[in-house]
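The values are calculated or read from the model by the stated rules, or taken from the named source; none is laboratory data. As the structure is a computational prediction, the values presented were derived from the model and not from experiment. As a convention, Cβ positions derive from the backbone with ideal geometry for all residues, glycine included, and neighbour counts pool all protein chains shown.
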Amino acid sequence: MAEADRDAERALVERALGGDRAALEEVVGTVRDPVYRLALRMEWTPDDAEDATQEVLIRVITRLASWDGRAALTTWAYRVAVNHLLNRRRSRPRERPSFDVMGPELDASAGHAPYDGPEAELLAEEVRLRCTQAMLQCLDAEGRLAYVLGDILRLPSRDAAWVIGIGDAAYRKRLQRARDAVRAFTAGRCGLLDPAATCRCTRRVTRTLADGRLDRGRLALARHRVTAPAPEVRTTSVDLTELRSVGDLMRSHPSYAAPGAVAEAVSTLLQVKRYPFLPDPPDASPPDRPPSGR
């Protein structure tokens with residue numbers, strides 16, 4: 001980050017800590033979508049990512065005074081998010097998919113005819129996005145985190161190691177193990193990367209529609225709100241003919257935007273909650289006295 005940009009961030013945070021609510025909302029707006037995209041890749045479903053993002057943003061607000069300006073504001077927010085996301089997963093254990101189970105499932109789609117019905121392109125996009133999300137979930141939490149920070153969000157290894165709280169060498173080893181696992185799983189299997197491979201998204205559409213796992217009316221990712229380009233619905237996130245590696249494939253999701261409910265919830269909290277560095281909201285008033293009982 002250019003020093004001028006870092007100075008602008010410092011000035012923004014100073015205004016927020018000085019009691020400027022508009023500046024605090026701008027801080028939240030700066031980190032909201034990046035935090036959501038990290039949460040979505042770690043939590044898998046948009047609903048879980050939405051809940052986690054709201055929780056992280058409150059932590060960003062309450063810990064803002066601890067940001068010392070040495071890391072970019074978003075990088076620091078990632079560190080706050082990582083600590084919360086890992087603790088959240090430990091407190092809410094759930095069964096995660098595995099490459100051993102997912103592989104035969106994908107291989108079985110080779111026997112299905114490509115889907116060519118209504119909204120074929122949109123449904124294939126949903127399947128592709130879900131499939132790459134599922135691949136991430138097959139990694140353990142630490143490996144997934146290293147992979148998301150390094151190969152998807154493209155943080156420099158030094159920054160990613162700092163976000164996680166481990167040494168550079170340990171981070172690079174963790175990232176390489178995750179890369180090797182994803183590369184081994186997709187090799188010879190994914191038709192987007194290997195023309196000779198048998199798994200095709202259009203065949204997966206046929207299979208997942210047949211077994212009820214794909215609902216045309218509930219496309220969580222292909223119709224997800226995005227930050228760019230402007231339209232709310234985007235049916236093709238990238239030119240898939242340009243994919244050259246599994247890293248390209250895993251990065252080929254659109255720039256997801258946090259649901260509007262996240263911004264609304266945090267904005268509401270800023271209006272009604274008292275934070276130590278902010279003046280009381282204009283409409284704040286002491287609670288009514290309890291009934292006297294007489």
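Tabulated data for the structure shown
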read-out	value
Complete set of residues in region 57-102 that are of a type in the set (Lys, Arg) and more than 30 Å from ALA11 (Cβ to Cβ)	ARG88, ARG89, ARG90, ARG92, ARG94, ARG96
Qualifying positions in region 66-100 - over 24 Å from the mean Cα position of the chain (by Cα) and assigned by TED's automatic domain parsing to the domain that holds GLY143	ASP100
Residue count, region 27-73 (criterion: free of Cβ contacts under 8 Å to residues at least 60 places away in the same chain and over 26 Å from ALA222 (Cα atoms))	8
Which numbered condition LEU153 fails, given (1) touching a residue at least 40 places away in the same chain (Cβ under 8 Å); (2) closer than 21 Å to MET102 by Cα	(2)
Some residue of region 128-136 being out of contact with any strand residue (DSSP E or B) (no Cβ under 8 Å at 6 or more places or on another chain), loosely packed, with under 15 Cβ neighbours inside 10 Å and assigned to a helix (DSSP H, G or I)	no
Test result for ASP33, under 15 Å from GLU264 (Cα atoms), charged (D, E, K, R), touching a strand residue (DSSP E or B) at 6+ places or on another chain (Cβ under 9 Å) and outside the structural domain of LEU129 (by TED's automatic domain parsing)	yes
Subset of region 86-122 [surrounded by 13 or more Cβ atoms within 10 Å (Cβ to Cβ), free of Cβ contacts under 8 Å to residues at least 60 places away in the same chain and assigned to a helix (DSSP H, G or I)]	LEU86, ARG88, ARG89, GLU105
Boolean, ALA52 is touching a Lys or Arg at 6+ places or on another chain (Cβ under 7 Å), within 27 Å of ALA134 (Cβ to Cβ) and assigned to a helix (DSSP H, G or I)	yes
Any hit, region 17-27, residues being under 22 Å from ARG90 (Cβ atoms), under 24 Å from the mean Cα position of the chain (by Cα) and modelled with pLDDT under 95	no
Every residue from region 29-71 that is in contact with a helix residue (DSSP H, G or I) (Cβ under 8 Å, 6 or more places away or on another chain) and farther than 22 Å from PRO254 by Cβ	GLU55, ILE58, ARG59, VAL60, ILE61, ARG63, LEU64, ALA65, TRP67, GLY69, ALA71
